[in-house]
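K.L.:
Here it is: the structure, laid out below.
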Amino acid sequence: MTRPSLVERAARAVGRPALAAARATRDLWLVLVGVLAGVIRSYRPGGRRPPGALLEQLYVIGNRSLVFVAVTLGFIGMVMMYQACLQFSRAIGDLSQVGVQFLRLVVSDFGPTLTGMMLATRVGAGIAAEIGSMKVTEQLDALRMSGVLPIDYLLAPRFVASIVMTIALSLVGGAIMYGAGGLTAHLSFGVNPRTFFDPSLVLPRHLVLGLLKAACYGAAIPVVAGFCGLRARGSSEGVGWATTAAVVGSSFAVIAIDFALSVGALWLYGGEL
Amino acid sequence: MTRPYLAFVDVHKAFAGKPVLRGMDLTVAKGEILYIIGTSGVGKSVTIKHLVGFLAVDRGEIWFDGQRLDQLDERAFYPIRRRIGMVFQNATLFDAMTLAENVALPLRKHQRMRQKDALIDARRRLAQVYLADYADRYPAELSDGMRKRAAIARTLTLAPEVVLFDEPTTGLDPVNARRIDRLIRELSRDLGVTAIVVSHDVPSIMAVADRVAFLYQGRVHTVGTPAELAATADPIVAQFIAGRSSGPMETPGF
């Protein structure tokens, strides 16, 4: 047998990953479509939904992430505000605008995006590990044998709960971040709280953009994590791979959505967001 | 020509380019207990997973009661899964549900039964596998043998015509393994259920099987009664039945 030429080998080296990526994209799309169909099937009037599953997932995704999100965003708010005040005082010596600008950023970007990143790690890993271990132990096949569509049963309630709770946690996390930032600015740099806590520059569109981002992150995390869990193969190693891929994939999805929506909003308002 | 109750016709299946089934032909008669045996990785579980739509053939045909299965999509397999049940190698009970809830699930979903009625029926099924006292326990609280019996009860709730058992006695002690054997025998004798059992357990095969199909190199190498297999002159089958490490059988990886 003749050895393949360099061109042939190069084409194979590029072709295989490209093909795998194309297949993965198609499968991710199918999971998204499947989840949306599952949500409609389960949550339409008279739909057949697993009893109590939505409430349970609201609790698991929302309540159980509250402390994690609050503490993380609180600390990030403090660090960011300390750095901002330091740079502002060195560059222009005026800290009167620091609070109003920070609020605008927290509402339209930092609040939902940092919350989304935190949930991508905690919730994404949890969903992928659970579904992945069910996959490798044939529990998903057992569900199918029992007449249950695994996506309807497992992902539909997580999808709805994740959207609701990412929005709620973004509001709570953003408020804590802003509050912690204000406290830092006051204690470290003597910024007047009345100057800092001034919402005059926040427009309804900032709030709409922030909520839209939170909803999109909430939708993306369970879809990406569920997709990774469903691709788990073999045994514990496969579940480990799925969990890692879910954290990386859903974090990347949050960043990509943030970029796309921010660019879209800037374009919509002619660069004057 | 009447088709057999269940038939695999020239079935091919490969994973990532590696062929597992290479033109497999096999028929199963209604009500019989057929054991599929062979070395690990030869395609025994792969074979039965085609019957419930977990795998799709690359080439070939699968027939069940006059209906061609290899052309069905996922949705079309749902009514088939009411008629063909499967007991998995792991018990595959859902950890968050009690035994009764696990067993009631197929009734609620396939037969749209109310939860209360499904639970009553589930308790009756659990009594059939001697687990009535454990109906409200969670799977984690039970032994492997009990979990396996509960999984069998869950499969039987829909009164399937065919039950596929994927290594039902693997990991069980001899006493529990023989109880599972007895259960398979009773299913066939009392309810007329057709059983296809994937197994390595030679005592179980000899005690329970009506016929045994020996899979080798992606095809059915030999089919016969347990007595015929025990008395075979075929050196490959004889090596497997005797469990000898050396002989003519090619085992990849050794």
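K.L.:
Any chance you could list P(r) for segment A:13-272, counting all Cα-Cα pairs in 5 angstrom bins from zero, rounded to whole %?
P.N.:
1, 6, 12, 15, 16, 14, 11, 8, 7, 5, 3, 1, 0, 0
K.L.:
Please work out the average accessible area per residue across chain B, using the 1.4 Å probe convention, and give it in Å².
P.N.:
Working: 11410 Å² over 254 residues.
That works out to 45 Å² for each residue.
K.L.:
Okay, moving on. Answer rounded, prolate or oblate for segment B:5-93, using the Cα gyration tensor with square roots of eigenvalues a ≥ b ≥ c: rounded when a/c is under 1.5, else prolate when a/b is larger than b/c, else oblate.
P.N.:
Taking the square roots of the gyration eigenvalues as a ≥ b ≥ c, segment B:5-93 is rounded.
K.L.:
Pop out the carbon and sulfur fraction of the accessible area of segment A:1-117 as a percent, whole number, probe 1.4 Å.
P.N.:
The C+S portion of the solvent-accessible surface of segment A:1-117 is 68 percent.
K.L.:
Compare A:Arg64, A:Arg48, A:Arg231 in a GNM of chain A, Cα atoms joined below 10 Å, and give the one with the largest fluctuation.
P.N.:
A:Arg48
K.L.:
Nearest-5 percent of antiparallel DSSP beta bridges in the protein assembly as shown?
P.N.:
DSSP beta bridges in the protein assembly as shown are roughly 55 percent antiparallel.
K.L.:
Which of B:Ile84, B:Ile241, B:Ile48 moves most in a GNM of chain B, Cα contacts under 10 Å?
P.N.:
B:Ile241
K.L.:
OK, next. For B:Tyr216, what residues show an amide H to amide H distance below 5 Å, using hydrogens built from the backbone and excluding near sequence neighbours?
P.N.:
Long-range HN contacts for B:Tyr216: B:His221.
K.L.:
Give me the inter-chain shielding for B:87-97: mean count of other chain Cβ atoms within 10 Å, whole number please.
P.N.:
The per-residue average across the peptide is 4.
K.L.:
Here's something else I'd like to know. Would you grab the residues whose amide H sits under 5 Å from the one on B:Asp70? Only those 5+ places off in sequence or on another chain, please, with H modelled 1.01 Å from N.
P.N.:
B:Ile62
K.L.:
How long is the gain from A:Leu66 to A:Ser188 if the chain were fully straight, where each residue apart is worth 0.36 nm and the alpha carbon distance is subtracted?
P.N.:
Working: separation 122, 0.36 × 122 = 43.92 nm, distance 2.71 nm.
That pair, A:Leu66 and A:Ser188, stretches by 41.2 nm at full extension.
K.L.:
At 1.4 Å probe radius, can you tell me the per residue accessible area of segment A:13-272 in Å²?
P.N.:
Computed with neighbouring chains in place, this is 47 Å² per residue.
K.L.:
Follow-up question, since we're still on this one. Which loop-located chymotrypsin sites (Phe, Trp or Tyr not before Pro) does segment B:66-165 contain, where loop means any DSSP state but H, G, I, E or B and the Cβ has at most 15 other Cβ atoms within 10 Å?
P.N.:
Answer in residue order: B:Tyr130.
K.L.:
In square angstrom and rounded to 100, what buried accessible area do you get between chains B and A, total over both, with the probe at 1.4 Å?
P.N.:
1900
K.L.:
Which of the helices in chain A, when you take each full DSSP H run, stretch at least 15 Å along the axis at their Cα atoms and have an average Kyte-Doolittle score of -1.0 or higher?
P.N.:
A:6-43, A:66-91, A:111-136, A:156-189, A:204-230, A:236-268
K.L.:
Once every DSSP H run of n ≥ 4 in chain A is given -39500 (n - 2.57) and the sum is divided by its residues, what mean residue ellipticity at 222 nm do you get, rounded to the nearest 500 deg cm²/dmol?
P.N.:
Here the helix-only value at 222 nm equals -27000 deg cm²/dmol.
K.L.:
With all protein chains present, how much of the accessible area of segment A:227-273 (probe radius 1.4 Å) comes from carbon and sulfur, to the nearest whole percent? All intermediate terms of the calculation are to be shown ahead of the outcome.
P.N.:
On the way: 1930 of 2730 Å².
That share works out to 71 percent.
K.L.:
To continue, here is another question. On a 0 to 90° scale, report how tilted helix B:144-156 is relative to the longest principal axis of chain B, with both axes built from alpha carbons and the result rounded to the nearest 10.
P.N.:
80
K.L.:
Could you check how much of the accessible area of chain B is carbon and sulfur, as a whole percent, using a 1.4 Å probe?
P.N.:
Carbon and sulfur atoms account for 51 percent of the accessible area of chain B.
K.L.:
Could the peptides B:17-28, B:188-199 be put in order, highest first, of the mean number of other beta-carbon atoms found within 10 Å of their residues?
P.N.:
B:188-199, B:17-28
K.L.:
Something else: Which cross-chain or sequence-distant (5 or more) residues have an amide H under 5 Å from the amide H of B:Met86, H modelled 1.01 Å from N in plane?
P.N.:
B:Leu164
K.L.:
Next question, about the same structure. Could you state the angle between the C-alpha long axis of helix B:174-191 and the longest principal axis of the C-alpha atoms of chain B, as a value from 0 to 90 degrees rounded to the nearest 10?
P.N.:
Compared with the principal axis, the helix lies near 80 degrees.
K.L.:
Further question on the same structure: Work out the mean other chain Cβ neighbour count within 10 Å for the residues of B:103-115 and drop it here as an integer.
P.N.:
What the average comes to for B:103-115 is 3.
The values are calculated or read from the model by the stated rules, or taken from the named source; none is laboratory data. Given the structure is predicted, the values throughout are model-derived calculations rather than measurements. FYI the Cβ positions are ideal-geometry reconstructions off the backbone, even for glycines, and counts take in every protein chain you see. Accessible surface areas use protein heavy atoms only, side chains included; no ligands, DNA or RNA. Shrake-Rupley method; radii C 1.70, N 1.55, O 1.52, S 1.80 Å.
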